[in-house]
């Protein structure tokens, strides 16, 4: 038995080796390099020994780093919240009120926008929200004042991001809704609970794993988004990704840029962990 | 099915919101005005003509096509290795290796792009279309693995064993039995990776050394108001193109599930 499992292990390792070697060389090594660079001494275009925590100390000293980090986190949290709240009823509708053979058609309709021309969608928002753009000209044609939403940078970043990542949120919630045992809901109502009470006491807790998955799947790309802040607010409100670009490429400071990148990765990971821990009592309750 | 008129109208409203900018694309692409604003000015196909005549755009499209085909091929091959290994075998280090392969799904793309860029620059590697391909494969492989894993999972192990009992070698069994059965999954993976790569911006922008690539080109053109209408024409074409690709991918994915006798579990991912 031991011999067969050993040969099985060998075959498995051999089979996965091309993919494994690829990701080790091109993903693990670069990430490790960034972590290494973040504790080296850097200057404009140079990087050298000795090891130092100076780069991290700088992050604490200069308020701009903390500001960018906090702003990105807050924007991403607001976007995530809006996205999930808007998506939940849609997932609920498709799971509970659509005939089984029609469900995949609805899901397909919801996911199409996610796969199509991200750059064009985001750029279009600029045209839509901008001064004299689609929204303003439509308002003007019915005799209303222009809003010029694009001048409110953070508001427009939130609108565009909430739209860009909306389809992400529906699928995980839908999958967890599909797993809810319908007889539980009937039992709740037979025992005299209202439909709303059944929802808050049975359905919602049972689907929390899906909600958490949606939170993560929206939060992570949102907090690291590069295009939207660059385009919509004309780059005046940089988020983490834009700032990393500035540090690494414009200022050519690999050490400082790496420290910022590592810190933001850790921040994102910590926020995700908090979400998972907060809801640990729901996760694992359902398989 | 219970009726839920309120939920249904909300869902339709939500779909309209999702499709909002995409619906505007054809409306303004055919609008006879340099300014993207209401009221509409009448019908024209001039913007499509301007788009077709743009030599830079053609170069960018050619490069994007080359990148997307290479990325889709490479990541589907890497995906087959990883999905087959993870479904079929147990081996030490499986969880961390699979975790690393799937990591780009939960890592902001900018971090991956910058980490790779820093290493490439430190090694003195010249940035080119090739470096874009290398980077994009990291992003698309997790999607390939996810799609192919479900394709390999729905495979009936006894068919392979039967073939081996009848004297086929492992390699010929794979070619004659396994490959035809997972072919729909492979097609779906190829099309999805192609779509993602064609649409990808961050890696193309930072690892592309300013080479014309479609997404980067579009991003640049939107800064010039005069160029916006022809970009909308291009957008109309691209959206149609990707809807067709996705429709075909969905068809293959479902056929794959039906072939293996499985049940529809809804959507990609």
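Taken together, the values in this text are just the output of simple stated rules run on the coordinates, not laboratory data. None of these values were measured; they are calculated from a predicted model. Virtual Cβ from ideal backbone geometry, glycine too; neighbours counted across all protein chains shown.
Per residue, how much space in cubic angstrom lies within the convex hull of the C-alpha atoms of chain B?
It is 188 Å³ per residue.
Between the helical axis of B:129-153 and the dominant principal axis of chain B, each derived from Cα atoms, what acute angle in degrees is found, rounded to the nearest 10?
So the inclination is approximately 50 degrees.
If R0 is 35 Å, what FRET efficiency do you get for residue B:251 and residue B:66 from their C-beta distance, rounded to 0.05?
0.85
In whole angstrom, and with the biggest value first, how far do the Cα coordinates of segment A:28-68 range along each principal axis?
The Cα atoms of segment A:28-68 stretch 30, 22, 18 Å along the principal axes, largest first.
Compare B:234, B:171, B:24 in a GNM of chain B, Cα atoms joined below 10 Å, and give the one with the largest fluctuation.
Maximum among the listed residues: B:171.
In segment A:61-278, what is the volume of the convex hull around the alpha carbon atoms, normalised per residue and reported in Å³? Each step should come with its number before you reach the end.
Working: hull volume 36.2 nm³, N = 218.
So the per-residue Cα hull volume is 166 Å³.
List the relative contact order of segment B:16-172 as a percent without decimals, with contacts defined as Cα pairs under 8 Å and 6+ residues apart.
26
Tell me the label-point distance for the pair residue A:267, residue B:183, using the 7 Å Cα-to-Cβ offset, in nm and rounded to one decimal.
5.1
Relative to the first principal axis of the alpha-carbon coordinates of chain B, what is the inclination of helix B:55-88, with its axis defined by its Cα atoms, in degrees from 0 to 90 and to the nearest 10?
So the helix axis and the longest Cα principal axis differ by about 20 degrees.
Could you give the length gained on full extension between residue A:52 and residue A:249, defined as 0.36 nm per residue of separation minus the Cα-Cα distance, in nm?
68.8 nm
Please report B:173, A:207 as a ranked list, fewest other C-beta atoms within 10 angstrom at the top and most at the bottom.
The fewest-first ordering by Cβ neighbours comes to B:173, A:207.
Give me A:136, B:156 sorted ascending by neighbouring Cβ count inside 10 Å, so fewest comes first.
Starting with the residue having the fewest Cβ neighbours, the order is B:156, A:136.
Among A:191, A:86, A:249, which one shows the biggest mean-square fluctuation in a GNM of chain A, springs joining Cα atoms closer than 10 Å?
Result for chain A, Cα springs under 10 Å: A:191 fluctuates most.
With labels modelled as points extended 7 Å from the Cα through the Cβ direction, what inter-label distance (nm, one decimal) is found for residue A:102 paired with residue A:204?
2.8
Within a 10 angstrom radius of the beta carbon, how do B:110, B:187 rank from fewest other beta carbons to most?
Lowest count first: B:187, B:110.
Could you tell me whether the protein assembly as shown comes out rounded, prolate or oblate from its Cα gyration tensor? Rule is a ≥ b ≥ c as square roots of the eigenvalues, rounded for a/c under 1.5, then prolate if a/b exceeds b/c, otherwise oblate.
Rounded, because the longest to shortest axis ratio a/c is under 1.5.
Given labels modelled 7 Å from the Cα in the Cβ direction, how far is it in nm from residue A:193 to residue B:4?
Using points 7 Å along Cα→Cβ, the separation is 1.6 nm.
Hey, how many Å between the Cα centroid of segment B:157-218 and the Cα centroid of segment B:16-88?
Segment B:157-218 and segment B:16-88 have Cα centres separated by 21 Å.
Can you show me the helix-derived [θ] at 222 nm for chain B, built from DSSP H runs with n ≥ 4 at -39,500 (n - 2.57) apiece and divided by the number of residues, rounded to the nearest 500.
On the way: 12 runs with 196 residues, N = 269.
One gets -24500 deg cm²/dmol as the mean residue ellipticity at 222 nm.
Output the relative contact order of chain A, whole-number percent, from Cα pairs under 8 angstrom with separation of 6+ residues.
It rounds to 27 percent for chain A.
Can you tell me the relative contact order of chain B? Whole percent, Cα pairs under 8 Å, sequence separation 6 or more. Working shown, then result.
On the way: 296 pairs, mean separation 81.0, N = 269.
Rounded, it is 30 percent for chain B.
Multiplying the sequence separation of residue B:32 and residue B:44 by 0.36 nm and subtracting their Cα-Cα distance, what value in nm do you get?
On the way: separation 12, 0.36 × 12 = 4.32 nm, distance 0.52 nm.
Separation in residues times 0.36 nm, less the Cα-Cα distance, equals 3.8 nm.
Quick one: among A:32, A:91, A:241, which has the greatest mean-square fluctuation in a GNM of chain A with alpha-carbon springs under 10 angstrom?
A:32
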